[in-house]
Every structure is written in C-alpha cells, then in structure tokens.
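Q: Please read through the structure below; I'll follow up with questions.
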Amino acid sequence: MTRPVSRAAIIGALLKKELRAYARDKIYLFLTLLVLILIPVMFTFLPETVDEDLTLAVSPSISTLIEDAKDSLKAMGATDAQLAELDETDLAEQEEGLLLIEFGNAEQMQQVIDGTLEAWRTNDGEIVLRDKEAGEAKPENAQKLNIDIGIAFPQNFIADVAADKKDVTVTVYSDANIGEEIRGAVESFVREAAYQLAGKELPVTMADENSIILGEDRVGNQASLKDKLRPMVIFMVLLMETFSMASLISTEVLQRTVTAVLVTPVRVSDFLISKAVFGTVMCLGQGLFVLLVIGGLTADNWSLVLTVLLMGAMMFTGVALFVGASGKDFMGQLFYSMLLTVPLLIPSFSVLFPGTAAAWVQVLPTYPIIDTLVGAMTYGQTWADSLGSLAYAAAWLAVLFIAGLLQLRRKVQTL
Amino acid sequence: MTQPAIMVQGLRYSYGDLEAVKGISFDVQPGEILGFLGPNGAGKSTTIKMLTGQITPKGGSAQVLGIDVASDNPNLQAQIGVCFEEKNLYLNMSAKENLDFYASLFGIKNPETMEILRRVGLAERAKDRVSTFSKGMRQRMMISRSFINKPKVLFLDEPTDGLDPVTSAQIRQTIKEEAERGAAVLLTTHDMFEADELSDRIAFINQGEIVALDTAENLKLKYGKRSVKIRLRDGESVREEHIGIDDPDASARMAELAASPNLLTIHTEEATLENIFIELTGRGLE
C-alpha cells in the first residue's frame with residue numbers, strides 16, 4: 001500500500017504544478033512581462049512635477065473695484081495714506097502661479113468661461129474677446145487663453161465690505177469640468193483676497209455646484225501625475241494578474257484535469273487552498289515587484305501599503321476564483337471577467353480625477369483599497385487614518401474570497 | 001476465495017429525476033477483469049464515478065478494497081487508478097512531468113516514470129509536451145497515468161475508444177499485464193470485441209440496470225445457437241447447410257460433409273456479445 005501523503009506535501013505538489021503551468025503558458029507570460037516591464041518603463045516617463053499655474057478671471061477689474069470704493073471709503077473716514085495703500089494691492093503678485101485676467105463685466109466673463117466667447121491676450125498684454133460663432137477673425141499677435149474659472153465681485157464690493165454690510169456675496173463661476181481641487185483653490189484665494197480687503201472673512205458662493213468633493217479635500221496639496229498614477233499602476237497589476245489566474249483556473253476546469261487530480265489522495269480543500277495561495281502570492285509578488293521598481297514604499301508607509309496590497313491581492317484572487325469557475329468557455333470567462341472587473345476598476349479612476357468618486361463608487365469593494373493606497377503613498381495617510389477603510393475592505397475581502405472559493409468548489413464537485 | 005476488491009450492492013444514482021443507476025450489484029476479484037458492456041448513457045461512467053469517490057451514491061452500498069466509497073477516505077484514492085474517457089492531461093507539461101506530478105500526489109518519492117512510459121511505448125517522447133502528442137499517444141498517456149501508483153484496483157473508462165487497431169492492441173496488452181500483476185480491473189466499453197478479448201466476466205448494463213453477468217463463454221452458450229454452418233460449392237453457386245450440434249445424426253452428417261471435395265468453410269454459430277445484448281435489451285451497443 002502506498003504510504004499516506006501529508007496535506008502539506010500535496011499542496012506543495014499542486015503549487016509546484018501551478019507554477020509550471022503558469023510559466024509554460026504564453027498568454028500568462030505575456031501578461032506578466034507586460035506588467036513587470038512595460039508598466040514600470042511607461043511610468044518612468046510620466047512627469048514628476050505638478051502644474052499648479054492657474055488662469056483666473058475677475059470682474060470687474062481690481063482697479064475699477066478700488067476706484068469705485070474710494071469715494072465711499074473717504075466718506076467713511078479713510079485717510080489718503082490708507083487709500084494709497086489700497087492702490088498698491090496686487091492680488092496676482094501675491095499668489096504664486098496665478099495669472100489674473102480682468103473683465104469689464106461679469107456677463108462677458110461668464111461667456112468666456114462657458115465657451116460662448118474666446119479670450120485672447122495680445123503681445124501688448126491687452127485682452128481681446130472674440131465671438132467665433134459670429135465669424136470674428138482671430139486677433140493677430142495674440143495667444144488664446146483658457147479660462148475655466150472666474151470671480152464676480154459685486155458693485156461697491158470694497159465699500160460694502162468696509163461698511164460691514166451683511167449681504168455681500170462673491171460669486172465664483174466655473175466650467176462644469178473643472179476639478180474640485182481648482183475650485184477649492186479659488187475659493188481659498190477669494191476668501192484670502194476678501195479678508196485682505198475687508199479684514200474679515202466673507203461668504204463665497206459657487207455658481208456651479210454640480211460636483212461633490214469625496215474623501216479628503218486636497219486643496220493646496222495637489223499630487224503630480226506620477227504620484228497619482230502610482231497606486232493606480234499597482235491596482236492595474238493586481239487586475240492583470242486576476243485575468244491570468246482566472247484563465248489558469250478556467251483551463252483546469254474546462255480540460256477536466258481537476259477531475260483527474262481529485263481521484264488521487266487530493267481533497268477538494270487541497271485544490272482550493274493551492275489555487276487561493278498561488279493566486280494571492282502571484283498577485284502580491286507582482287504588485288510588490290512593481291511597487292519596488294516605481295517607488296512608493298517609505299519608512300512611514302510600508303506596513304500599511306503592504307497590508308493593503310495583500311488585501312487587494314486576496315480580493316482579486318477571490319474574483320479570479322469566481323471568474324475561472326464560472327465561465328463554461330473562453331467567451332464565458334471573458335464575460336464574467338468584464339462583469340466583475342470593470343466595476344472593480346472604476347474606483348481607480350477617482351485617483352486620476354479627484355471629485356469624480358460619487359457615493360456609489362465608494363460602495364464598490366475596491367474603493368477602500370485604492371483610497372488607502374492613494375492616501376498612504378501620496379498623502380502620508382497613517383494606520384489610524386485608514387482603519388475605517390481597512391475594516392470596510394476586510395468585509396468585502398471576506399465576501400469576495402469566500403464567494404470565489406464556494407463557486408470553485410461547487411464547480412469541481414459537479415464536473 | 002479471496003475478499004473481492006470491489007463489492008457493490010444495490011447501488012443507485014440519479015441526476016435530478018433521471019435515475020442513471022438503478023440498484024446494481026456485482027463484485028470484482030483481485031486479478032479479475034470485469035467488462036462493463038453497454039451503450040452510451042447506460043450508466044457505466046456514473047458507476048465508475050461512484051466507485052472512485054467522485055460522486056456519492058444515492059442508494060445501496062459499495063466497497064473498494066474494503067473501504068466504503070461514500071466515506072471520503074483518501075486511502076481509497078491512494079490505492080486505485082483511474083483512466084478517464086476524456087483525455088484530461090496537462091498539455092503544457094511533458095509526458096514525464098505529467099506522471100511525476102501525479103506520482104507526487106500519491107507521495108511516491110522515486111516513481112518508475114520511465115519504466116511506465118516504456119510499457120506504453122512513450123519512453124522516447126518522455127520529454128515532449130503532451131500538446132504535441134497524437135490522440136493515440138495521449139490515450140497511452142492516460143493509461144500510463146492510471147498505473148503510476150501500482151493500483152490494486154483499476155477503473156478504465158473506454159480506454160481504447162476511437163483508437164487505431166495497433167494502439168488498441170498495445171493498450172489491451174498493458175491492461176492484461178496489470179490484471180496479471182493482481183489488480184482488479186473494471187473496464188467500461190461499448191466495444192464488444194474488446195470486452196470479449198479482455199474480460200474474465202462481462203456485465204451487460206442497460207438503462208442503469210445489469211441485465212446479464214457471466215463469463216463471455218457462458219453468455220454465448222446461454223444465448224447463442226448450438227449449430228454449425230457449412231458452406232459447399234454447388235456447381236456455379238455456393239450452398240449453406242446448418243447442422244444442430246444436439247441433433248442425433250449431427251456427427252455423421254458433419255463427417256460426411258467434411259469429407260466432401262466441395263467443402264468451402266465450417267463455422268460455429270455461437271452468438272456474438274452484441275447479438276446477446278440485442279436479444280436481452282432490444283437495442284444495440286452504439
């Protein structure tokens with residue numbers, strides 16, 4: 001009689017076979033090389049700095065605001081010295097990276113922001129407006145300005161502020177596509193400017209409030225594209241590995257090699273453990289490799305990042321187990337892959353486009369993973385800051401991992 | 001008499017409302033080859049699945065080497081070899097790697113991989129990936145895989161299905177060798193020639209029931225005609241004469257015809273297994 005074989009030896013043999021099958025498949029190898037080489041190479045070409053220059057429109061011009069206010073201020077007892085000080089106010093100079101474009105009236109400014117009119121600046125610094133729809137010619141020796149945001153001050157703004165009127169309101173116009181980071185920056189700028197003029201904070205309203213800030217407001221703490229993409233790249237590595245793993249499982253199921261394995265001393269649980277361990281190790285290993293190549297681990301965040309990476313690897317392995325066991329053929333597997341992975345991918349885009357993570361996106365299983373990765377790798381988020389996200393991710397991890405294991409078990413037992 | 005390697009009593013299985021196996025009973029002794037002969041869908045593969053622990057019987061009992069097949073006891077799988085009808089091999093692995101992998105699942109430290117491959121004529125292709133093998137070579141791989149743990153019981157599901165005569169003959173030879181070694185063999189097939197050549201006993205299975213179980217010889221005697229067909233030249237044509245063996249004057253008549261210069265051929269008219277199956281079930285084996 002053959003000597004009884006230990007479960008550990010069986011699982012070890014299964015893992016060795018998994019590695020061999022993985023290494024022999026050209027598609028898996030291609031995906032792996034794509035992940036391990038191409039993504040880091042592409043990543044190195046991304047810009048490391050962030051362009052924080054802002055073109056800001058104001059209406060009316062600052063000089064008009066000041067001139068309009070002088071008589072009222074004088075009547076209120078302002079001295080000539082104080083009025084002269086007001087003349088020296090230069091908001092643009094005080095804000096680094098700010099290009100201030102002044103409009104005569106709020107309506108014109110609004111039309112430029114919504115795209116009805118074009119604004120051009122000549123080499124002499126003069127602002128020329130062009131109605132393209134009306135067939136007006138492009139101004140010569142001029143550069144087109146991209147103005148997406150502007151501030152409309154009310155008539156007698158300075159005097160009203162100085163008189164301590166209660167209903168003074170500044171309106172910020174912005175294009176619907178403008179990011180929340182920019183809106184927040186402008187809001188801060190207006191508050192600061194108003195405070196400088198009036199010596200107190202003023203109410204600032206946003207004319208277009210159709211976007212929502214989700215998560216922590218990063219105003220004044222923008223990340224470069226490279227920083228933003230780093231967590232997303234890691235996330236993509238996990239996703240790519242999911243396809244490979246799902247394909248590996250699907251092949252085993254469709255070719256019925258699993259049936260042959262299960263008429264040996266191998267139990268279904270051994271098979272499930274080997275698949276789960278192999279998938280998690282491959283996901284984690286590749287994610288870690290890319291992370292080390294592209295950077296992102298620091299002395300402060302390494303434990304948190306690795307923990308989240310492990311959770312992500314297990315979560316995606318659970319998905320791979322489910323997908324691999326669900327498809328009856330290649331097309332079926334592709335269908336389930338798309339069905340499950342596309343929703344899981346959505347949260348990663350919220351990193352590229354802050355402010356786009358709607359409430360339903362936050363519900364998705366991968367949101368806490370990507371949110372914590374971004375927080376830890378880009379904004380110095382700590383364990384304490386991440387506990388809520390980690391708990392939420394752990395709950396989803398349990399659901400997806402168990403669902404994957406149950407689906408694969410059901411499949412192999414009914415072959 | 002030794003303890004049967006396989007003991008089955010009233011075994012049942014159903015897929016939903018469809019009763020695939022309806023209370024069958026049989027046993028197989030060590031070193032015996034039992035042919036399970038029946039058409040597609042008769043319940044042969046379902047029976048093998050129950051006996052190898054792939055599915056749990058829904059009625060009756062079955063023991064393989066004294067182990068209840070419903071007990072989920074890995075000692076059962078450690079002592080059996082299974083050759084599936086579908087060729088479920090790891091295509092990206094070589095012949096040797098396939099066998100070494102399965103050997104490792106049985107805890108075999110130094111498997112006789114090359115010796116087994118030599119037996120099935122694949123030793124020279126040991127390092128080639130199975131994906132490059134022909135259908136016949138893959139089938140030989142399937143057979144060799146089922147031998148890897150020197151099983152005490154072999155379950156062979158259509159082992160020569162769709163193969164050329166030369167490959168089929170090679171595979172039958174290895175099956176005989178395993179039985180001579182002492183392995184009990186349960187062989188399912190719908191090939192009456194294979195069943196006749198290999199099996200010590202044959203069970204006819206039809207619609208989930210065993211309709212006959214005996215040696216091929218006894219079945220033929222029981223269900224065949226006891227007569228001889230003699231063909232003679234008769235001028236420009238050929239004449240046939242049937243003589244019943246039990247007829248009182250049979251010997252004299254056969255001697256007379258055998259001495260005739262017009263004698264062409266003499267055939268016994270025993271039934272083929274297919275004839276018997278048709279007689280028992282009213283349907284063919286395909």
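Rule-based calculations on the coordinates, nothing more; no lab input. Model, not experiment: these values are computed from the prediction. Methodologically, a virtual Cβ is constructed for each residue, glycine included, from the backbone with ideal geometry; neighbour enumeration extends over all protein chains shown.
Q: Quick one: in the protein assembly as shown, what % of C-alpha pairs are over 44 Å apart?
A: Result for the distance tail: 51 percent.
Q: Which one, B:LEU198, B:LEU18, B:LEU221, has the greatest fluctuation when you compute a Gaussian network model over chain B with C-alpha springs under 10 angstrom?
A: Most flexible of the set in this elastic network: B:LEU18.
Q: How much of the DSSP bridge set in chain B is antiparallel, in percent, rounded to the nearest 5?
A: Roughly 65 percent of the DSSP beta bridges within chain B come out antiparallel.
Q: Could you give the dipole magnitude of the protein assembly as shown about its Cα centre, charging the beta-carbon of Lys and Arg +1 and that of Asp and Glu -1, in debye to the nearest 20?
A: Once rounded to the nearest 20, the dipole reads 4880 debye.
Q: To the nearest µm²/s, what D does Stokes-Einstein give for segment B:91-150 at 10 °C and 1.306 mPa s, using the Kirkwood radius over alpha carbon pairs as Rh?
A: 143
Q: Same structure, new question: Just tell me which lysines come within less than 17 Å, Cα to Cα, of B:LYS220; anything on the same chain fewer than 8 places away is out.
A: Answer for B:LYS220, where 17 Å is the Cα cut-off: B:LYS229, listed by chain and number.
Q: Angle, helix B:165-181 long axis vs. longest principal axis of chain B, Cα atoms, 0 to 90°, nearest 10?
A: Around 70 degrees separate the two axes.
Q: Only bridges whose two residues both fall in the protein assembly as shown count here: according to DSSP, what percent of them are antiparallel, nearest 5?
A: 60
Q: Could you give the dipole magnitude of segment B:148-249 about its Cα centre, charging the beta-carbon of Lys and Arg +1 and that of Asp and Glu -1, in debye to the nearest 20?
A: Charge dipole, segment B:148-249, about its Cα centre: 260 debye, nearest 20.
Q: List the pair-distance distribution P(r) of segment A:219-366, using every Cα-Cα distance, as the percent of pairs falling in each 10 Å bin from 0 up to the bin containing the longest distance, rounded to whole percents.
A: So the P(r) values, bin by bin, are 11, 35, 32, 15, 6, 1, 0.
Q: Additional query: Taking only the alpha-carbon atoms of segment B:225-269, what semi-axes of the equivalent ellipsoid follow from 5 times the gyration tensor eigenvalues under a square root, in whole Å, largest first?
A: Working from the Cα gyration tensor, I get semi-axes of 19, 12, 7 Å.
Q: In whole angstrom, and with the biggest value first, how far do the Cα coordinates of segment B:118-163 range along each principal axis?
A: 30, 24, 15
Q: A follow-up question, please. Strictly greater than 14 Å: what percent of every Cα pair in segment B:180-241 meets that?
A: 69
Q: To the nearest 20 debye, what charge dipole does segment B:225-269 have about its Cα centre, counting +1 at the Cβ of each Lys and Arg and -1 at the Cβ of each Asp and Glu?
A: 160
Q: Let me ask something additional. By how many degrees, 0 to 90 and rounded to 10, does the Cα axis of helix B:135-147 deviate from the longest principal axis of chain B?
A: Value to nearest ten degrees: 70.
Q: A further question on this structure: Among B:ALA126, B:ILE67, B:VAL228, whose Cα projects farthest towards the positive end of the dipole of chain B, with charges put on the beta-carbon of Lys, Arg (+1) and Asp, Glu (-1)?
A: Of the candidates, B:ALA126 comes out farthest on the positive side.
Q: Based solely on its DSSP helices, what 222 nm [θ] is calculated for the protein assembly as shown when runs of n ≥ 4 H residues each add -39,500 (n - 2.57) and the sum is averaged over all residues, nearest 500 deg cm²/dmol?
A: Roughly -15500 deg cm²/dmol at 222 nm, from the helical runs in the protein assembly as shown.
Q: May I pose another question? Using only Cα atoms, locate the centre of segment A:282-309 and the centre of segment B:129-194, then give the distance between them in Å, rounded to an integer.
A: Spelled out, the Cα-based centre of one part sits 51 Å from the other.
Q: Then there is this: Could you list B:GLU209, B:GLU256 so that the one with the fewest beta carbons within 10 Å of its beta carbon is first and the one with the most is last?
A: B:GLU256, B:GLU209
Q: Once you've got the Cα coordinates, tell me which of B:LYS22/B:LYS49; A:LYS17/B:LYS87; A:LYS328/B:LYS150; B:LYS22/B:LYS225; B:LYS96/B:LYS135 are over 25 Å apart.
A: Table pairs above 25 Å Cα-Cα are A:LYS328/B:LYS150; B:LYS22/B:LYS225.
Q: Moving to a separate point now. For chain B, what is one quarter of the convex hull surface built on the Cα atoms, given in nm²?
A: Projected area, direction-averaged: 19.7 nm².
Q: Same structure, new question: Of A:LEU29, A:ALA152, B:CYS83, which is farthest along the charge dipole of the protein assembly as shown in the positive direction, counting Lys and Arg as +1 and Asp and Glu as -1 at C-beta?
A: Positive-end residue among those listed: B:CYS83.
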